[in-house]
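*Asks:* The structure that follows is given in the form of structure tokens.
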Amino acid sequence: MVKPKTEEEIELLRENAILVSKTLAEVGKVVAPGVTTKRLNEVAETFIRDNGAIPNFLGYEGFPAALCLSVNDVVVHGFPSDYVLKEGDIVSVDCGTLYKGYNGDSAYTFPVGEVDAETRKLLDVTKASLYKGIEKAVDGNRTGDIGHAVQTYAESFGFSVVRELEGHGLGKDMHEDPGVPNYGRAGHGARLVDGMTICIEPMINAGTRGVYLARNGWAVHTADHKKSAHFELTVVVRKGKAEQLSTYDFIENVQ
Ligand code: MG
Ligand code: MG
């Protein structure tokens, strides 16, 4: 049984969630053709540290950077590099903070310049599938209700759901119980209780759902090398309606 957070803990998680949300917006301001993914990482790390927090991904199980930056067919866990973003790419930016002993963790996939219609649809559907999942993050439901909602929505557009990776609880540790899969059966899985804080993070592929791990042991690629999108928000399970801690409002105000 997962212990719900106290209201004091939720406030600390909220501070982290807001900082992560603002960091994603700072990164979004510089995403453009001609920019390296290394530059995006520098922008985020500087912003996080200027706000008195630590980038919690850096050094996590040996991860070498502040951000996971995953371009096109990379689903998650890409390293920042000298790769120069080009018109029509997409880049998933996954960001985390450690502040006052608690963690933040959210992600957004940005289009680079103009993207084709199919790619735009992949981004829109993946983000919308996250909100479908959030609608189910209410007291008395189960994790399978979230996964089922995400999967049903994404698959109705002909996209596929990555199953090897999932959302998670968030608190003093970046990955806590319960696991929150993006697929599943309604009414199954761990029970959701008022005060639980979870990250919901659909990873949706344009093509087949299969993935493989790159030789560096980190980057997860789509098996067919078609694009993949990733959106992640942190929410508090509540009675009747989930409470969002992180938000895309800062991003949507700068774009
Ligand atoms: Mg994340
Ligand atoms: Mg996460």
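The values are calculated or read from the model by the stated rules, or taken from the named source; none is laboratory data. Note that the structure is predicted; figures quoted are calculated from it, not measured. Neighbour counts run over all protein chains shown; Cβ positions are idealised from the backbone, glycine included. Accessible surface is based on the protein model in full, side chains and every heavy atom, while ligands, DNA and RNA are left aside. Shrake-Rupley method; radii C 1.70, N 1.55, O 1.52, S 1.80 Å.
*Asks:* Of everything in the range 127-167 that's part of a loop (DSSP other than H, G, I, E, B) and of a type in the set (A, V, I, L, M, F, W, C), which residue is nearest to Ala107 (Cα to Cα)?
*Replies:* Of the range 127-167, the ones part of a loop (DSSP other than H, G, I, E, B) are 136-137, 139-141, 156-159, 162-166.
With of a type in the set (A, V, I, L, M, F, W, C) added as a condition, the list becomes 137, 157, 159, 162, 165.
Working: Ala137: 18, Phe157: 22, Phe159: 19, Val162: 16, Leu165: 14 Å.
Once the filter is applied, the top-ranked residue is Leu165.
*Asks:* Ok, one more. Any idea which of (1) open to solvent by less than 20 Å² (accessible area, probe 1.4 Å); (2) free of Cβ contacts under 8 Å to residues at least 24 places away in the same chain is the one Asp124 doesn't satisfy?
*Replies:* For Asp124, the failing item is (1).
*Asks:* Look through the range 220-255, keep the residues that are among the aliphatic types (A, V, I, L, M) and in contact with a Phe, Trp or Tyr (Cβ under 7 Å, 6 or more places away or on another chain), and return whichever of them is surrounded by the fewest Cβ atoms within 10 Å (Cβ to Cβ).
*Replies:* Ala223
*Asks:* Would you say Thr109 is polar (S, T, N, Q), within 15 Å of the chain's Cα centre (by Cα) and modelled with pLDDT of 95 or more?
*Replies:* Details: polar (S, T, N, Q): yes; within 15 Å of the chain's Cα centre (by Cα): yes; modelled with pLDDT of 95 or more: yes.
Yes; evaluated as a whole, the condition is true for this residue.
*Asks:* Right, Lys86: away from ligand 2 (no atom under 16 Å from the Cβ), farther than 13 Å from Val31 by Cβ and surrounded by fewer than 24 Cβ atoms within 10 Å (Cβ to Cβ) or not? Before you say what the answer is, go through the steps one by one.
*Replies:* Details: away from ligand 2 (no atom under 16 Å from the Cβ): yes; farther than 13 Å from Val31 by Cβ: no; surrounded by fewer than 24 Cβ atoms within 10 Å (Cβ to Cβ): yes.
No: the conditions fail for Lys86.
*Asks:* Looking at (1) outside any loop (DSSP other than H, G, I, E, B); (2) within 16 Å of ligand 2 (Cβ to nearest atom), which is the only condition Phe57 fails?
*Replies:* All conditions are met except number (1).
*Asks:* Test of understanding: among Leu19, Leu69, which residue is surrounded by 23 or more Cβ atoms within 10 Å (Cβ to Cβ), closer than 18 Å to Gly96 by Cα and among the aliphatic types (A, V, I, L, M)?
*Replies:* Going through Leu19, Leu69 in turn, just one is surrounded by 23 or more Cβ atoms within 10 Å (Cβ to Cβ), closer than 18 Å to Gly96 by Cα and among the aliphatic types (A, V, I, L, M): Leu69.
*Asks:* If you go through the range 60-78 one residue at a time, do you hit one that is under 20 Å from Arg14 (Cα atoms), within 16 Å of ligand 1 (Cβ to nearest atom) and outside any loop (DSSP other than H, G, I, E, B)? Can you show your working first?
*Replies:* Taking the range 60-78 first, the residues under 20 Å from Arg14 (Cα atoms) are 66-67.
When the remaining residues are screened for being within 16 Å of ligand 1 (Cβ to nearest atom), the result is 66-67.
Of the ones still in play, those that are also outside any loop (DSSP other than H, G, I, E, B) are 67.
The answer is yes, given that some residue of the range 60-78 is under 20 Å from Arg14 (Cα atoms), within 16 Å of ligand 1 (Cβ to nearest atom) and outside any loop (DSSP other than H, G, I, E, B).
*Asks:* Are any residues in the range 81-101 farther than 22 Å from Arg209 by Cα and within 15 Å of ligand 1 (Cβ to nearest atom), and if so, which ones?
*Replies:* Matches in the range 81-101: Cys95, Gly96, Thr97, Leu98.
*Asks:* What are the residue pairs meeting all of these: first residue in the range 102-116, first residue among the hydrophobic types (A, V, I, L, M, F, W, C), second residue away from ligand 2 (no atom under 14 Å from the Cβ) and part of a strand (DSSP E or B), Cβ atoms under 6 Å, and 6 or more apart or on different chains?
*Replies:* Every condition considered, the pairs that remain are Phe110/Val91.
*Asks:* Only one residue in Ser129, Ser156 is closer than 20 Å to Glu243 by Cβ and not charged (D, E, K, R). Which one?
*Replies:* Unique residue meeting the criteria: Ser129.
*Asks:* Give the residue that is nearest to ligand 2 (Cβ to nearest atom), with candidates limited to residues of the range 126-138 that are under 22 Å from Val27 (Cα atoms) and aliphatic (A, V, I, L, M).
*Replies:* Step by step, filter the range 126-138, then rank; the result is Leu130.
*Asks:* While we're here: Sort out which residues of the range 208-247 are of a type in the set (Ser, Thr, Tyr) and within 16 Å of ligand 2 (Cβ to nearest atom), and write them in order of number.
*Replies:* Within the range 208-247, Ser228, Thr234, Ser246, Thr247 meet the criteria.
*Asks:* Does the range 103-117 contain at least one residue that is away from ligand 2 (no atom under 16 Å from the Cβ), over 24 Å from Ala242 (Cα atoms), part of a helix (DSSP H, G or I) and touching a Pro at 6+ places or on another chain (Cβ under 9 Å)? It would help to see each step written out before you state the result.
*Replies:* If we filter the range 103-117 for residues that are away from ligand 2 (no atom under 16 Å from the Cβ), which is where we start, we get 110-117.
Now narrow it down to the ones that are over 24 Å from Ala242 (Cα atoms): 110-117.
Narrowing the set further to residues that are part of a helix (DSSP H, G or I) leaves 117.
Among the residues that remain, those that are also touching a Pro at 6+ places or on another chain (Cβ under 9 Å) are: none.
No - not one qualifying residue is present in the range 103-117.
*Asks:* Something else about it: Can you pull out every residue in the range 89-102 that is open to solvent by 10 Å² or more (accessible area, probe 1.4 Å), more than 11 Å from Asp173 (Cα to Cα) and not in a strand (DSSP E or B)?
*Replies:* Residue satisfying the conditions is Lys100 alone.
*Asks:* Still on this structure: Would you be able to tell me the number of residues in the range 139-164 that are surrounded by fewer than 19 Cβ atoms within 10 Å (Cβ to Cβ), within 24 Å of Arg191 (Cβ to Cβ) and hydrophobic (A, V, I, L, M, F, W, C)?
*Replies:* 0
*Asks:* Also, I was wondering about something else. Within the group Met203, Met196, which residue is closer than 24 Å to Val71 by Cβ, open to solvent by less than 10 Å² (accessible area, probe 1.4 Å) and in contact with a strand residue (DSSP E or B) (Cβ under 8 Å, 6 or more places away or on another chain)?
*Replies:* Criteria check complete, one pass: Met203.
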